[in-house]
Amino acid sequence: MSRAALLVLADGRFPAGGHAHSGGAEAAVKAGRIRNDRDLAAFCRGRLHTTGLTSAALAAAAALGVDPLDLDEAADARTPSPALRATARKLGRQMMRAARATWPCAELDALAAARPRGAHQPVVLGVAAGAAGLGPEDAAHCVAYETVSGPATAAVRLLSLDPFEATAVLARLAPELDDVARRAAEAARRALDEGTGALPAASAPLLDITAEAHAAWPVRLFAS
């Protein structure tokens, strides 16, 4: 297991396209639900324990070797918003390009061939983590961190929020990130024997609703 590979995969500068997405923060800012660091913490915590847990488990299962096509179908079933499904596949395409250039392997090639329009991003990330020699907890940590770091970074740009305050929000969430990654990896191990039905399906309906509205905005700073 390579900790250096984990740092590369989790690095915000890894060219996987996440910088263009706010994780629902832009819509939440416009609606007045994120106004300061306390609101940001509440938003990130809610996202982490719902869609974050679900996505982290998908990535962990992919890193373990669960069939990525089955996981891609499971991700579709757990993403009711068409806008978010499209976003997940767009990010999956970008992640695939970066991962194949960084850790080329037959598993990534096969997934790219089977899903030419893109598989869901957590699934691609999990396969990439496996190719990099990382385990399910590592893949889950990457996704859990992305779940909160994206909105935190976006809030700095959207609100001119002090970046030190945004970073402090992430630091205070660290124990919960560890817990979500652990739970996701445990679910992924169950999925090896029980199938994708063993994976969590936690959801955040307000994120689904606001994602559909955000996709229709004529002017926006972030793609999602």
Q.
For the list (1) in contact with a helix residue (DSSP H, G or I) (Cβ under 7 Å, 6 or more places away or on another chain); (2) farther than 19 Å from ALA174 by Cα, I need the number of the one condition that HIS19 fails.
A. (1)
Q | Lone unmet requirement of (1) under 14 Å from the mean Cα position of the chain (by Cα); (2) more than 25 Å from LEU91 (Cα to Cα) for PHE164 | A | (1)
Q | Of residues in segment 100-120 being in contact with a helix residue (DSSP H, G or I) (Cβ under 7 Å, 6 or more places away or on another chain) and not in a helix (DSSP H, G or I), the one farthest from GLY17 (Cα to Cα) | A | CYS105
**Q.** Residue under evaluation ALA202, criteria (1) assigned to a helix (DSSP H, G or I); (2) surrounded by fewer than 22 Cβ atoms within 10 Å (Cβ to Cβ); (3) touching a His at 6+ places or on another chain (Cβ under 9 Å), criterion not met
**A.** (1)
Q: Out of THR50, THR102, THR79, report the one residue that is of a type outside the set (Gly, Ala, Ser) and closer than 19 Å to ALA152 by Cα.
A: THR50
(Q) Restricting to segment 116-149, name every residue that is of a type in the set (A, V, I, L, M), free of Cβ contacts under 8 Å to residues at least 60 places away in the same chain and surrounded by fewer than 24 Cβ atoms within 10 Å (Cβ to Cβ). (A) ALA131
Q | Listing of helices (runs of 4 or more DSSP H) fully contained in segment 1-99 that carry 2 or more residues being open to solvent by 40 Å² or more (accessible area, probe 1.4 Å) and within 23 Å of THR167 (Cβ to Cβ) | A | 3-10, 37-47
Q.
Considering only residues that are closer than 15 Å to ALA75 by Cβ and among the β-branched types (Val, Ile, Thr), which ones fall in segment 194-218?
A. THR196
Q) Quick one: how many residues across segment 172-194 are open to solvent by 30 Å² or more (accessible area, probe 1.4 Å) and modelled with pLDDT of 95 or more? A) 12
Q | Output for segment 207-224, where each listed residue is under 22 Å from HIS49 (Cβ atoms) and within 17 Å of the chain's Cα centre (by Cα) | A | LEU207, ASP208, ALA211, SER224
Q | Failed item, numbered, when VAL169 is tested on (1) part of a helix (DSSP H, G or I); (2) open to solvent by 20 Å² or more (accessible area, probe 1.4 Å); (3) among the hydrophobic types (A, V, I, L, M, F, W, C) | A | (2)
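The values are calculated or read from the model by the stated rules, or taken from the named source; none is laboratory data. Everything numeric here is computed off the predicted structure, so don't read it as measured data. For neighbour counting, all protein chains shown are included, and Cβ atoms are generated from backbone atoms with ideal geometry for every residue, glycine included. Remember, those area values only see protein heavy atoms, side chains included, never the ligands or the DNA or RNA. Shrake-Rupley method; radii C 1.70, N 1.55, O 1.52, S 1.80 Å.
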